[in-house]
Amino acid sequence: MPATRLDEIDRKILAELQADGRMTNVELAKRVGISAPPCLRRVRTLEESGYIQGYHAKVDARELGFEVQVYAMVGLQSQAEADLSSFEARCRAWPLVRECHMLNGEVDFILKCVAPDLSTFQRFLTEELTAAENVGSVKTSLVIRGAKDEPGVPFDVLEDRLKKSA
């Protein structure tokens, strides 16, 4: 179901939950301007429809001792669908890989990795990632600092687009 099929209240619910997934249903209902029972029904429908894929806490990796964040750009030797799927499955199994995205362009995948220290990441890089079947090249970039880390989508841009198309 595309975003245009969602009404304004559904989009407000999604925006509010994206900003704070811990609020109570009563608080959410108040923020979007409806009573609690229909708000809860709408949230359940949004979950069942796949608009809400889950809830999680945003933890501070550095506070937990994960001092190293690295982006790894991976080139595969073969881009056959079976080989792409196999690499994606392998990425899902590696705990240090937190995100894996297939790209169009010079590299096949970009991986966001975290590690407690550089030697742990180096061991992963040399013993697992570069040694993995079908991996042809790996280029890494160490994150020095982050300037922005926003989850989800910009709902204000969505609302502006919907207003222009109406």
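The values are calculated or read from the model by the stated rules, or taken from the named source; none is laboratory data. If you're wondering where the values come from, they're calculated on a predicted model, not measured in any experiment. We place every Cβ from the backbone using ideal geometry, glycine too, and count neighbours over all the protein chains shown. Ligands, DNA and RNA are stripped out before the accessible areas are found, and what is left, the full protein with its side chains, is counted by its heavy atoms. Shrake-Rupley method; radii C 1.70, N 1.55, O 1.52, S 1.80 Å.
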Going through 136, 105 one at a time, which residue ends up being small (Gly, Ala, Ser) and either free of Cβ contacts under 8 Å to residues at least 24 places away in the same chain or under 30 Å from residue 9 (Cα atoms) (or both)?
105
Tell me, please, whether a residue that is touching a Gly at 6+ places or on another chain (Cβ under 6 Å) and open to solvent by 30 Å² or more (accessible area, probe 1.4 Å) can be found in the range 87-106.
no
Filtering the range 111-158 down to residues that are among the charged types (D, E, K, R) and part of a loop (DSSP other than H, G, I, E, B), which residue is least open to solvent (accessible area, probe 1.4 Å)?
117
Test residue 114 against the criterion of being among the β-branched types (Val, Ile, Thr), closer than 22 Å to residue 145 by Cβ and at pLDDT below 95, and give yes or no.
no
Would you check if residue 74 is at pLDDT 95 or above, open to solvent by less than 30 Å² (accessible area, probe 1.4 Å), of a type in the set (Val, Ile, Thr) and over 30 Å from residue 162 (Cβ atoms)?
yes
Could you tell me whether any residue of the range 94-108 is among the aromatic types (Phe, Trp, Tyr) and farther than 22 Å from residue 150 by Cα?
yes
Among all residue pairs at least 6 apart or on different chains, which show Cβ distances below 7 Å where the first residue, located in the range 47-70, is at positive phi and the second is not in a helix (DSSP H, G or I) and not hydroxyl-bearing (Ser, Thr, Tyr)?
65/116
Please enumerate the residues belonging to the range 6-38 that are of a type outside the set (Val, Ile, Thr), under 26 Å from the mean Cα position of the chain (by Cα) and part of a loop (DSSP other than H, G, I, E, B).
6, 7, 20, 21, 22, 23
Assuming residue 15 fulfils every condition listed in (1) in contact (Cβ under 8 Å) with a residue 60 or more places away in the chain; (2) farther than 30 Å from residue 116 by Cβ; (3) surrounded by fewer than 11 Cβ atoms within 10 Å (Cβ to Cβ) apart from one, which condition is it?
(3)
